[in-house]
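The values are calculated or read from the model by the stated rules, or taken from the named source; none is laboratory data. Because the structure is a prediction, the values reported are computed rather than measured. So basically every Cβ, Gly included, is an ideal-geometry build from the backbone, and we count neighbours across all protein chains shown. Just the protein is used for accessible areas: all its heavy atoms, side chains included, with ligands, DNA and RNA removed. Shrake-Rupley method; radii C 1.70, N 1.55, O 1.52, S 1.80 Å.
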Amino acid sequence: MEALVICFWGLEDVAAGEVAELLGEKRFRVVGRGRVVFECSPGEFLTLNLGCRTLLRVLVYGGACRVSLGKEGLDEVYRAVREFEWCELFDESFTFAVRTARHGGHSYTSIDVNRVAGQAVVDYFNGRIKVDLRNPDVVVRCYVIDDLFYFGVDTSGASLHKRGYRVYNHPAPLNPVLASCMLKLSRWRCGRSLLDPMCGSGTILIEAGMMALGIPPGSFRRSYPLVRLKPFSGLDVGEELARLRERMSKGRCSPELYGVDVSPKHIQGAVLNAARAGVHTIDFTVGDFLEVYGRYSVDYMVSNPPFGYRSGRRGRIAELYRRLSAALVECVHEGVCVISEAGVAGVFEEELGKHMELAERRVVPYGGLQTKILYFKP
């Protein structure tokens, strides 16, 4: 079997690197932006779903083809889906649904693709399988990106960024998968101190703490739909979680983590989230970092400072970034990693670039925006 893994556009190499750490060397091929395919055993599918921090979703790869942008593209979708051997994964006793993500200018909609791909699966089983759009046993996911179509069977269920530890929701939370990617880009490692000066509900620090303490990211998820599929029915989720905990706990440490935020409400929520995740080593403080930064001397800083869209204060963001840059130069000694909307990220490049080397610049679409992840080192 082959796995089709979904990750953030622009961070495919980060995800592939973590997959290699978990499973050993693989022959990766990128089939689309944020889509990577490789050979994978049934047990490795479970390992990825429970243990990979930088993936959004894991699918059994069905195939790919070029499709026309006009209506004839739907016929090409039908043929590709109809040719796949669906009976190797499930039979007509299952219910299924098709979900489609589409990007580009097409003469057809995502709903059209759902209809045509669904009909192809029904025809494969000679009409003996039922569609259930609300609570299907199996989800077939289709992607149409410009003239490329690819599809697969979902083994993850809810997106893997839904870790299950959030009991408090920040109004603009950072995706935990993106937080983990930033931590990996920053070169932060267990045993080095880490600061988030505008920590919100604590996502970056919680993800760092889970890494350091050897807590698998899938520990708190309640549903593991891959075990419904034929190739995975004999897998033991509890056994694999225990194996991952033992493996990830080797070399574990009690990390030195610091979080600051001006909102008492967000800090209270961050404490609750960290406790739910089993990370009890974060020193959370209510305060304005720009006034208290002199208290800190740390190795690394990783943060998602405000972009200004929700607050309506876009004009003040550049000044905030300039002041934050000056403070970070004083108290961070080994590396700084930030994410910001691309239009204002240049402030960090200019201000931090006066004192540090810009070692990484990644453009990553996120939340409907073009963002940049920047990593600086002295």
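Below are the figures for this structure:
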| quantity | calculated |
| --- | --- |
| Region 11-38 and region 122-190: distance between their alpha carbon centers, rounded to Å | 16 |
| Loop-located trypsin sites (Lys or Arg not before Pro) in region 47-144 whose Cβ has at most 13 other Cβ within 10 Å (DSSP) | LYS71, ARG128, ARG134 |
| Debye intensity ratio in log₁₀ form over the Cα atoms of region 257-378, taken at each q of 0.10, 0.13, 0.21 Å⁻¹ | -0.32, -0.56, -1.34 |
| Folded to 0 to 90 degrees: helix 314-331 orientation relative to the chain principal axis, Cα | 60 |
| Total formal charge among the other residues, if their Cβ is under 13 angstrom from that of GLY191, Lys/Arg +1 and Asp/Glu -1 | +1 |
| Amide H contacts under 5 Å for PHE284, placed H, 5+ residues apart | GLY259 |
| Shape category assigned to region 224-283 from the gyration tensor of Cα positions, a/c cut at 1.5 | oblate |
| Hydrodynamic radius of region 118-229 per Kirkwood, over alpha carbon pairs, in Å | 17.3 |
| Contour minus Cα-Cα distance for ALA20 and THR109 (0.36 nm per residue) | 28.4 nm |
| Where GluC sites (Glu not before Pro) fall in DSSP loop in region 19-113, at most 10 other Cβ within 10 Å | GLU25, GLU85 |
| Contour excess over end-to-end distance, with Cα ends at ARG322 and PHE220 and 0.36 nm allotted per residue | 32.9 nm |
| Global geometry of region 1-98, whether rounded, prolate or oblate, following the gyration tensor of its Cα atoms and the 1.5 cut on a/c | oblate |
| Taking all pairs of distinct alpha-carbon atoms in region 13-169, Kirkwood radius in angstrom | 16.6 |
| DSSP beta bridge pairing in the chain, given as percent antiparallel to the nearest 5 | 60 |
| Nearby aspartates and glutamates by direct alpha-carbon distance to LYS377 (threshold 19 angstrom, same-chain neighbours under 8 apart not counted) | ASP196, ASP299, GLU330, GLU334, GLU349, GLU350, GLU351, GLU357, GLU360 |
| Relative contact order for region 105-168, counting Cα pairs under 8 Å that sit 6 or more residues apart, in percent | 22 |
| Pair-distance profile P(r), taking every C-alpha pair of region 234-324, with 10 angstrom steps and integer % | 12, 33, 29, 16, 9, 1 |
| Cα long-axis angle, helix 237-249 against the chain (0 to 90 degrees, to the nearest 10) | 30 |
| Residue-normalised accessible area of the chain, expressed per residue, 1.4 Å probe, Å² | 42 |
| Gyration tensor verdict on region 152-198 (Cα atoms; rounded if a/c is under 1.5, prolate if a/b is larger than b/c, oblate otherwise) | oblate |
| The chain, accessible surface, carbon-and-sulfur percent (1.4 angstrom probe) | 47 |
| Ranked by how many other beta carbons lie within 10 Å on average, peptides 237-250, 201-214 from highest | 201-214, 237-250 |
| Sum of -39500 (n - 2.57) over DSSP H runs of 4+, divided by residues of the chain (222 nm, nearest 500) | -10500 deg cm²/dmol |
| Cβ-based charge dipole, region 1-85, positive-most Cα from VAL67, THR54, VAL31 | VAL67 |
| Coordinate range along principal axes, alpha carbons of the chain, Å, largest first | 70, 46, 37 |
| For the chain: relative contact order, % (alpha-carbon pairs under 8 angstrom, 6 or more apart) | 15 |
| Set of lysines with alpha-carbon distance to LYS130 below 30 Å, sequence-local pairs under 8 removed | LYS71, LYS162, LYS230 |
| Under 5 Å, built H, 5+ apart or other chain: amide partners of THR95 | ASP137, VAL138 |
| Region 53-157: relative contact order as a whole-number percent, Cα under 8 Å and 6+ apart | 41 |
